[in-house]
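*Asks:* Got a structure for you, written out below as structure tokens; questions coming shortly.
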2 protein chains.
Amino acid sequence: MELAALLTSAGINISLCILFLSLYSILRKQPHNFGVYFGRRLAEAKFRDQVDYFSFERLLPTAGWIVKAYWCTEEEIRRVAGLDSVVFLRLFIFSIRIFSITTFICVFIVLPVNYHGQEMSHTHIPEESLNVYTIANLKEGSPKLWVHCVALYIITIAACILLYQEYKYLSRKRLAHITGSTPNPGHFAVLVRSIPKSGNELLDDTIRNFFVNYHGASYLSHQMIYRKGKLQKFVDNAERAYRKFVRVKLSVFDQNVRSSLNRCGLCGVRASSFQLYRNKFVDAKKSDLTDPEVVEAQKDCPGAIVFFKTRYAAIVASQVLQSSNPMLWVTNAAPEPRDVYWSNLWIPYRQIWLRKIATLSGSVFFMFVFIVPVAFVQSMMQLDQLKRMFPHLKGTLKTSFCVRVITGYLPSVVLLLSLYTVPPLMMRFSSIEGSISRSGRKTSACTKILFFNIWNVFFVNVLSGSVLNQLNVLTRPKDMPSMLAELVPKQATFFITYVLTSGWASLCSEILQVYNLVYNFFRRCIFGYLDEPGYVYSFPYHTEVPKVLLFNLLGFTFSIMAPLILPFLLVYFCLGYLVYRNQILNVYYPKYEMGGKLWPIMHNTMVFSLVLTQIIALGVFTIKNSPVATGFTILLLIGTILFNEYCRQRFARIFNSFSAQDLIELDREDEQSGRMREIHEHLLDAYCQSPPGSGGADDEVPIEMILEDPAQEASNSSQELCDTVQEVAGSIQDHIEEK
Amino acid sequence: MELAALLTSAGINISLCILFLSLYSILRKQPHNFGVYFGRRLAEAKFRDQVDYFSFERLLPTAGWIVKAYWCTEEEIRRVAGLDSVVFLRLFIFSIRIFSITTFICVFIVLPVNYHGQEMSHTHIPEESLNVYTIANLKEGSPKLWVHCVALYIITIAACILLYQEYKYLSRKRLAHITGSTPNPGHFAVLVRSIPKSGNELLDDTIRNFFVNYHGASYLSHQMIYRKGKLQKFVDNAERAYRKFVRVKLSVFDQNVRSSLNRCGLCGVRASSFQLYRNKFVDAKKSDLTDPEVVEAQKDCPGAIVFFKTRYAAIVASQVLQSSNPMLWVTNAAPEPRDVYWSNLWIPYRQIWLRKIATLSGSVFFMFVFIVPVAFVQSMMQLDQLKRMFPHLKGTLKTSFCVRVITGYLPSVVLLLSLYTVPPLMMRFSSIEGSISRSGRKTSACTKILFFNIWNVFFVNVLSGSVLNQLNVLTRPKDMPSMLAELVPKQATFFITYVLTSGWASLCSEILQVYNLVYNFFRRCIFGYLDEPGYVYSFPYHTEVPKVLLFNLLGFTFSIMAPLILPFLLVYFCLGYLVYRNQILNVYYPKYEMGGKLWPIMHNTMVFSLVLTQIIALGVFTIKNSPVATGFTILLLIGTILFNEYCRQRFARIFNSFSAQDLIELDREDEQSGRMREIHEHLLDAYCQSPPGSGGADDEVPIEMILEDPAQEASNSSQELCDTVQEVAGSIQDHIEEK
């Protein structure tokens, strides 16, 4: 590809970006779009009292939102959107910092060196192949390779220093978050699974006896988790009928009731009359061991949530092996109530390891199947192949603009579209895996998508561009560095356009919320509903984090090979920082807290990117015959690995666990202030179990449904939504007729 | 190699074996060898009252020891030699069982199938190449491959069932061992390292304050670990002088005092007057914070042993993260007193991770350097190459007997001799690694030697026998199965002789204790000492376990490829079972208990062997064009991996940790029987720290020195021993002169 084709692609994208951003600044001012653009604020019911007045200003694009997003403090973001948002935004800050340094060094020092690598007279710049800007332009044994080696050193050292600072900063933030936040019932609870059944004792008593016996001083109470049995089915039906009734009532008569339902802050509906009724019902039934229904319900109980008097006792019980058979009395720290993934709690514990292996193999299989569309995308880059595949396009392909669009822009659009199928599938895999919490499921999906992206977007694209069959490459790990070194610079143009299309364009589509906008439009204008849509989304970390990390990987690996990609990336990170700040502040509503657990994943990926960059550099220096530079790069590689190991030793456990010191201090504070009694009372009704098969806590919060990911969960729940909508419509009509 | 050459080798080894065993049965009856052959019994002072009468029977070889070794019950072995010996002997029982089945199937079914694979007229059997007995003799696409596939299924399933039974049996044994044994101070103690220093507080107070604050209910006391400072040096010197005095006194006047010194059973010398003096001295000195010596001693303190009132409290403190900085207040379960590796406790905790990485890279480097001698061994197998290397040997090489000896016997002797350098080196690596316990060091060395053996004895020998450069193979993992399938049968003859020389011969050398015999002979006959040698060895698990596991690996991988190896292996396992039983009962004295932690290593290696066998079989079936058999083998492979994962889930944690249930029950029992008070009193002087630089607890037990490995540690301590011997000799003379 020539520079001109690249500029065409950049031009298209820049104009699209400006168009979308302007569109956004207009659309957000229209009151009927408030549901789309201010979901979080609506959920917090702060935004409702704005009057729907019309002004001309509403039709003018403005940049006010950028200013608002920029001037918000980190502490404010943490308060309204949780620690995870802070971690996500710190990733952008880190990226902006490191790529400012990298761009400066590579564009002003490395790029000219590459350009003047061969002693050739340069043609007119716009028509020059982009390869002259890459390291491929250097001669073998050139002394100029020293520049690259030094640049690599500077980038790595700067990245390590910044990474260390971020890790330190975020681990401090996490500690402050734990100690500073309101008491979390999850800290007092332990999830016990795989409870041994005894024939002559109720399961309820078995649990009580065990914990009173071995943790008598700290055991408070417990709550059984019931699986769908006959008994449960009846309860479920009643519950569902009740909920339907509540929903209809709420949506028609009293919209304000929503906030009062949320007031408890722990789990949505607290101690509603129905809950009490159900508990009594269950209590009355289950005490009779001769009743076959009770026996069946007992058989189906996959576990219990056990509450302790102090946080420290709970963490001790969750970490120490309970029984001499490790498959019995399995304890885990319980997730916070809104984070529990109920439908997975019903999975028998002995299945979990099998499920993990199965989903792992499933994801790996899918990763390899996905090579097919990627290879197709790559074949589009080769014009000759394209002509052979679609002979009737020959005429069109002669126009130079069309050629530019097809080779420069279309491939990454195709890739982007096919990549949209990945997150729902990986999320499904993570659900099957058996994670007990929604945050655990999201983290697991995030890791899977990350692996997928790095493998399928980076490696397969780099390797399949060559004549070599990509599967053969896998079987020769030793040749990998030199092969990558040869292929990476060649694929620079593809990845530059990928940054433009996947990066910039996805930011635009993110801020415009295209899917919700269209849905909202149809809902209002076609079906004629005037109320706000009854849901807000939680932030899709599992799709966004891998995306940003992939761009980091691209930035690092191409930095000294093909520095032309860096300015585009830097723009992406700056724009992304503003866009995501805005979205976090206005659109998404945090349904649960991951406690910053994503940072270790980000850190490790960043170190992996650095190591990969160094390995590719090793290959380059070997190809270009520069043994001294190779030696220095090996030193750097060892240093980077040691740095990562040190960070793991120093910080990783902070993100996995809580320290005895902190928990005991917290317990003491609560004890002394007399709050402990109140916390204990709250605990007992903090966890309200939603019925099985309904996909978790969705039904717990009647109106604000948690939709994990627009594209994915919308499809799951659209049927349910339609039903509800019809019901609501019906009840409105009934109501009107009654009046 | 022909069958005749193999039989020559077997003949040499069988006669050597019979010779050595007869020699052993004679030598063991000579009273002056009791120190060599009955070290454990001498150490327990049960054997001393035998009278030195002469009878003709003493010069006749008898088999009484075999009967005695065989009829000893497992419970008795556990009582006298610890759980580890039981685990080690169970490995032999497992091997005998599985290889009885395998030998039966492979020799009577698979071997004839291989032999009649090609439709050829067989020549005279003794002169036939051994290749006709291997799977290489089968034609491509032969339907007879089904026999191999079925045999593989039977072997794998039998092995899995037996492995599962052993794991279950041993985990029950381990639980019984923990609950049944005498109270172990290690269960009440936690090793705390990386204690933060504060300027205005004594370290002693810092530790006390921290544990009283956060574990006040269960904290009992603590004991600082001091590093060699000026203060310590003086104490050390005094201590050493005292010990020398005691040693001289003991060895000359009162040999029976030894047993009284051992009476406490926890640590050798208990509350001797010197110990009290020293403690008082240290107490008096350290309370003054202005004293520069005290400050220095404080600076050098790398940690402390903290005692808790109950076992449960100790395990909780060791498993829960203590401080919000994971690099401070690092807690580990303390090893039992005799198991503590003192000199490693002085390593600052922040070095440990670096040391681990360094030793890991060191071991890997050594593994690859060792390819040189192995390649040399393999070149000896090729007669032509040998003739080229040593032209003047041509005459000798014409004799057929010499050829047989050189190709059939010498290579594995060379390999065996060079392998002798490995255990000391790996043990050194494991010491540097920073393990806090002697058992941890031994386990780590065991794993390293195991990897080393599998890589250098199995893989390098198999791969370097071919024309291919072995390092190239590493870079193409995909071709590995078919390459192994092609090469393994060819190396069958080498490994049969390896079993004969390394296996059988090492058993003979083990039972004869050649090194100790010679040392004892010189000591008695040349230097004229009449008393027993002042040390017993602890069992060298780190050399013996990898050896036995390697033979298991050979047995599995060659089972269906070249079944001729199996009878030799079966004889090895049967003989080994008797020999090691005898050695464990008579020679070795267990200095510390690993608690059966070696079994998970053994289990995993066994599963690895099975998987490797299946991978090689996959290669064979691919080469021989049998896709259905390939498919079935893949199924078997998946099944084996799932089996291993299940075992890991079910049993692995039992061997790593103790369960709350067991510990609390134990605590309660002791509490109720009133023994707890006594245990607490014992605790405070259970850990006596040996001075730094002397290599650990050796000096704690003045007479019975713990020598880990004859070949290795003897060289370390020989100088010290000589000094002691001279001193003792001097003092005897003085004593006689006085009289």
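*Asks:* Once amide H atoms are built 1.01 Å from N in the peptide plane, which residues 5 or more positions from B:GLY303, or in another chain, come under 5 Å H to H?
*Replies:* Residues meeting the criterion, in which the H sits 1.01 Å from N, are B:ILE225.
*Asks:* What does the charge count near A:TRP65 come to, summing +1 for each Lys or Arg and -1 for each Asp or Glu among other residues with Cβ under 10 Å from its Cβ?
*Replies:* +4
*Asks:* Compute the distance in nm between two label points, each set 7 Å from the Cα along the Cα-to-Cβ direction, one at A:LYS139 and one at B:LYS197.
*Replies:* 5.8
*Asks:* B:GLY595's amide H: which non-local residues (gap 5+, or another chain) put their own amide H closer than 5 Å, with H modeled 1.01 Å from N in plane and none for Pro or chain starts?
*Replies:* Hits under the 5 Å cutoff: B:LEU83, B:ASP84.
*Asks:* Continuing with this model, one more query. Within the set A:LYS490/A:LYS624; A:LYS68/A:LYS547; B:LYS490/B:LYS624; A:LYS29/A:LYS591; B:LYS139/B:LYS624; B:LYS29/B:LYS68, which residue pairs have Cα atoms separated by over 18 Å?
*Replies:* A:LYS68/A:LYS547; A:LYS29/A:LYS591
*Asks:* Could you give each residue of segment A:509-525 its phi-based ³J(HN,Hα) in whole Hz, using Karplus coefficients 6.51, -1.76, 1.60 with θ = phi - 60°, and x for Gly or Pro?
*Replies:* With coefficients 6.51, -1.76 and 1.60, one gets 5, 5, 6, 6, 6, 3, 4, 5, 4, 5, 4, 4, 4, 5, 4, 7, 7 Hz.
*Asks:* Put the label 7 Å from Cα along Cα→Cβ for A:SER361; what are its distances to the other copies, in nanometres, shortest first?
*Replies:* 3.8
*Asks:* Show me, for segment A:203-212, the HN-Hα J-couplings you get by feeding each phi into the Karplus relation (A = 6.51, B = -1.76, C = 1.60, θ = phi - 60°), rounded to Hz, glycine and proline as x.
*Replies:* Karplus values, whole Hz, x for Gly and Pro: 4, 3, 5, 4, 5, 4, 4, 4, 6, 5.
*Asks:* So, one more: With a 1.4 Å probe and all protein chains left in place, how much accessible area per residue does segment A:507-617 have, in Å²?
*Replies:* Result: 25 Å² of accessible area for each residue.
*Asks:* Work out, step by step, the length gained on full extension between B:ALA358 and B:HIS32: first 0.36 nm times the residue separation, then minus their alpha carbon distance; give nm to one decimal.
*Replies:* 112.8 nm
*Asks:* For segment B:590-664, with all protein chains present and a 1.4 Å probe, just round the carbon and sulfur fraction of the accessible area to a whole percent.
*Replies:* Reported share for carbon and sulfur atoms: 66 percent.
*Asks:* Defining the label point at 7 Å along Cα→Cβ, can you sort the distances from B:GLY528 to the same site in each other copy, shortest first, in nm?
*Replies:* Copy-to-copy label distances for B:GLY528: 12.4 nm.
*Asks:* Separate question: What is the distance, in nm, between label points placed 7 Å from the Cα along the Cα-to-Cβ direction at B:LEU417 and at A:HIS680?
*Replies:* The modelled label-to-label distance comes out at 7.7 nm.
*Asks:* Let me ask something additional. Per-residue Cβ counts within 10 Å, from other chains only, averaged over A:638-644: what number is that?
*Replies:* 1
*Asks:* Of A:LYS144/A:LYS168; A:LYS309/B:LYS173; A:LYS197/B:LYS173, which ones are farther than 27 Å apart at the Cα?
*Replies:* A:LYS144/A:LYS168; A:LYS309/B:LYS173
*Asks:* Tally Lys and Arg at +1 and Asp and Glu at -1 over the other residues with C-beta under 12 Å from the C-beta of A:ILE93: what net charge comes out?
*Replies:* With Lys, Arg at +1 and Asp, Glu at -1, the net is +1.
*Asks:* Could you work out how far apart the two model spin labels at A:LEU175 and B:THR622 are, taking each label as a point 7 Å from the Cα in the direction of the beta carbon, and quote it in nm?
*Replies:* 5.3
*Asks:* Ignore the peptide's own chain and count Cβ atoms of other chains within 10 Å of each Cβ in B:319-331; give me the average, rounded.
*Replies:* If you average over the peptide's residues, the count of other-chain Cβ atoms is 6.
*Asks:* Sort shortest first the distances from A:ARG172 to its counterpart in every other copy, using label points 7 Å along the Cα-to-beta-carbon line, and give them in nm.
*Replies:* So the distances to the same position in the other copies read 5.7 nm.
*Asks:* Taking each residue of A:660-669 in turn, how many C-beta atoms of other protein chains fall within 10 Å of its C-beta, and what is the average?
*Replies:* 4
*Asks:* Taking amide hydrogens as modeled 1.01 Å from N in the peptide plane, which residues meet the under 5 Å criterion relative to B:SER437, leaving out close sequence neighbours?
*Replies:* B:TYR341
*Asks:* Evaluate E = 1/(1 + (r/R0)^6) for B:VAL372 and B:SER657, where r is the Cβ-Cβ distance and R0 equals 35 Å; express this FRET efficiency to the nearest 0.05.
*Replies:* 0.25
*Asks:* Summed for both chains, how many Å² of accessible area, to the nearest 100, are buried between A and B with a 1.4 Å probe?
*Replies:* 4000
The values are calculated or read from the model by the stated rules, or taken from the named source; none is laboratory data. Since the model is a prediction, treat every value here as computed from it, not as a measurement. As a convention, Cβ positions derive from the backbone with ideal geometry for all residues, glycine included, and neighbour counts pool all protein chains shown. All accessible areas refer to the heavy atoms of the entire protein, side chains included, with ligands and DNA or RNA removed. Shrake-Rupley method; radii C 1.70, N 1.55, O 1.52, S 1.80 Å.
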